[in-house]
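Trainee: Here it is, the structure in full.
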């Protein structure tokens, strides 16, 4: 058995926060997957992996991507930002678009989000197989830069074939 490693880049620049410290029971519980969060400094949100946008929330507060290596990532901008009906977000990419790591996905008006009394904390969650080991590359509470490594995913593969192939 061998292990493959896949790096997930941060979609935003800001300060890293452990996912379990996010004030949202669904995101912090790990029920959606393991990951990390970033308190963003600006509203530019980038693709965390090379792959395809598989889902863009109607309100544009969240999107999913499937990487070329099969990794699935959910990026969720803010806490309860779905209540804003999409107003502070502008989609720069759409479902079905193939993007490189660091390609622009959307922009968020952080002042509008925070002005509504909501957090702009952005969760990055690796969805998928419970056998995957997810390691955080960024230091807790440290400075995180968009497009730089944030999470490392390790997968055990048998006989030269990855899971699900």
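Please treat every number below as a calculation from the coordinates, not as lab data. Note that the coordinates shown come from a computational prediction; the quantities given were computed from them, not determined experimentally. Every residue, glycine as well, gets a Cβ built from its backbone with ideal geometry; the counts of neighbours run over all protein chains shown.
Trainee: Under a plain spin-label model, where a point goes 7 Å from the Cα along Cα-to-Cβ, how far apart in nm are residue 3 and residue 135?
Mentor: It is 0.6 nm.
Trainee: For the chain, state the semi-axes of the equivalent ellipsoid (square roots of 5 times the eigenvalues of the alpha-carbon gyration tensor), sorted largest first and rounded to whole angstrom. Let's see the in-between values first.
Mentor: Numbers: eigenvalues 134, 57, 38 Å².
The answer is 26, 17, 14 Å, longest axis first.
Trainee: Just subtract the alpha-carbon distance of residue 55 and residue 31 from 0.36 nm times their residue separation and send over the number in nm, one decimal.
Mentor: On the way: separation 24, 0.36 × 24 = 8.64 nm, distance 1.86 nm.
Extra length from residue 55 to residue 31 when fully extended: 6.8 nm.
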